[in-house]
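Participant: Have a look at the structure that comes next, please.
The values are calculated or read from the model by the stated rules, or taken from the named source; none is laboratory data. Quantities reported herein were computed from a predicted structural model and do not represent experimental measurements. In this analysis, Cβ positions are derived from the backbone assuming ideal geometry, glycine residues included, and neighbour counts consider all displayed protein chains.
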Amino acid sequence: PPLNEILNLHDFEAIAKVILPDKAWAYYSSASDDEITIRENRAAYQRVWFRPRILRDVTVVDWSTTILGQKSSLPVYISATALGKLGHPDGELNLTRAAGKHGVIQMIPTLASCSFDEILDAAQPDQSLFLQLYVNRDRSITKRYVQHAEARGVKGLFITVDAPQLGRREKDMRMKFVGDDAGARVQENMSGVKKDEGVARAISSFIDPSLSWKDIPWFRGITKMPIILKGVSTPEDALLALEAGVQGIVLSNHGGRQLDTSRSGLENLIEIAAALKTRGPWPNPNFSVFVDGGVRRASDVLKALALGASAVGIGRGFLYAFCSYGEAGVEKAFKILGCIQEEFEMNLRLLGARNLNELVPEMVDASALQSH
Ligand code: FNR
């Protein structure tokens, strides 16, 4: 269908499913084992209900924010999804260009199909970008990569901590990785790939499973970028992250692609917020708490923010937008959410909040969220 008939982010997924080659659809849409967590990521949002306020003069509403000190026109960033060229010849550049036009922040994946410098070269001079890091067994490779990113102006380092090994994504594993079909120029990292267990396993064999809390000071020593741990699920680890002196965490289960039957980031937010509150200001200006997984509507985002999230990441929503319509699809996704006043404006008005600071926990009923 023509782009003007697209009304929401789910529409892009329906189109991607039809038009993508089998291998690309399997890699993008798959989640681990029985795919229970990926379903829960959506379901969790459906268990949180709004408690809207009325009569608050909502003529003017504003949903812009800052994320790690960087301006963002939405309280949403583009989360890293690997191998963009499987789904569109321009790969990640679709996201970079659209994000530059609309003031949205993109997190660049270590496993991008386009090289890091190609992505940076496609960005506007003042465009904010973050980097997602898979840590290589050879730390000198990681150090060079991180320092190069900082030198090129990247504003935040998201270290993925939920993937010491890739989850079993069986839909993807039924596919064979063939040579360059992933657009997978995974550069120096690609040594020793296993080609017979799908795309994901083939490209991830360099990731270091020995990564531990002891490594955090080393990262602190090689970069001044804010460091965020992506893939935290428990209050225990949230508190360790705070103590380790990093600048934030992403409550994420990797879009359901790692440990199946992990809980959703949204559900974990409630107990993690409660734990962090006991250790200082909440929200804490020096410790951001992001959430991702299953977010497809501005109303989802507002629920997470009301419960204390600093901002929210979206992976597949934007990925499927560029698979379907390239850069224009991503721009459309931003517009649908709010870059030109759609979902965010309506939801904030109906909720009785003029800006994101007016979102408070009392605006949602999350009592059905936690099942225990
Ligand atoms: C991902 N994600 C991911 N995360 C990461 O840290 N490094 C990576 O290389 C990737 N690659 C990747 C590929 C694909 C195809 C998907 C769908 C996801 C996880 C991603 O950053 C984010 O956590 C989830 O995508 C959020 O869930 P939704 O928005 O896709 O439901």
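Participant: Looking at region 157-169, I want the residues that are free of Cβ contacts under 8 Å to residues at least 40 places away in the same chain and have a partner that is within 12 Å of the ligand (Cβ to nearest atom) and not aromatic (F, W, Y) with Cβ atoms under 6 Å, at least 6 apart or on another chain. Which pairs are those?
Facilitator: The qualifying pairs do not exist here.
Participant: Next up: Being within 16 Å of the ligand (Cβ to nearest atom) and farther than 15 Å from I227 by Cβ is the filter here, so list the residues in region 277-298 that pass it.
Facilitator: As a first pass, look at region 277-298 and keep what is within 16 Å of the ligand (Cβ to nearest atom): 288-298.
Within region 277-298, V291, D292, G293, G294, V295, R296, R297, A298 qualify.
Participant: Next up: Collect the residues in region 115-130 that are within 13 Å of D90 (Cα to Cα) and in contact with a strand residue (DSSP E or B) (Cβ under 9 Å, 6 or more places away or on another chain), keeping them in residue-number order.
Facilitator: I119
Participant: Could you list all residues from region 317-363 that are surrounded by fewer than 22 Cβ atoms within 10 Å (Cβ to Cβ), on the phi < 0 side of the Ramachandran plot, touching a Lys or Arg at 6+ places or on another chain (Cβ under 8 Å) and outside any helix (DSSP H, G or I)?
Facilitator: E342, R354
Participant: All but one of (1) part of a helix (DSSP H, G or I); (2) within 14 Å of the ligand (Cβ to nearest atom) hold for Q132, so report the exception by its number.
Facilitator: In the conditions (1) part of a helix (DSSP H, G or I); (2) within 14 Å of the ligand (Cβ to nearest atom), Q132 misses (1) alone.
Participant: What single numbered condition from (1) modelled with pLDDT of 90 or more; (2) assigned to a helix (DSSP H, G or I) fails to hold for D162?
Facilitator: Condition not satisfied by D162: (2).
Participant: Name every residue in region 91-129 that is away from the ligand (no atom under 16 Å from the Cβ), touching a helix residue (DSSP H, G or I) at 6+ places or on another chain (Cβ under 6 Å), of a type outside the set (S, T, N, Q) and in a loop (DSSP other than H, G, I, E, B), in order of residue number.
Facilitator: The answer is A123, and nothing else.
Participant: Considering only region 23-59, state which residues are in contact (Cβ under 8 Å) with a residue 12 or more places away in the chain, aromatic (F, W, Y) and out of contact with any Leu (no Cβ under 8 Å at 6 or more places or on another chain).
Facilitator: Result: W49, single match.
Participant: Then there's this: Any residue in region 64-81 that's free of Cβ contacts under 8 Å to residues at least 24 places away in the same chain: show its pairings with residues that are within 16 Å of the ligand (Cβ to nearest atom) at Cβ separation under 7 Å, as long as the two are six or more apart or on different chains.
Facilitator: none
Participant: Taking the residues in region 135-164 that are of a type in the set (S, T, Y) and within 15 Å of the ligand (Cβ to nearest atom) as candidates, determine which candidate is farthest from I216 (Cα to Cα).
Facilitator: Of everything passing the filter in region 135-164, Y145 is farthest from I216 (Cα to Cα).
Participant: Please work out which one of (1) over 24 Å from W25 (Cβ atoms); (2) at pLDDT 95 or above is the condition A112 fails and give its number.
Facilitator: (1)
Participant: Which of the numbered conditions does L83 fail, given that it passes all the others? Conditions: (1) over 25 Å from V135 (Cα atoms); (2) within 16 Å of the ligand (Cβ to nearest atom).
Facilitator: L83 satisfies all of (1) over 25 Å from V135 (Cα atoms); (2) within 16 Å of the ligand (Cβ to nearest atom) except (1).
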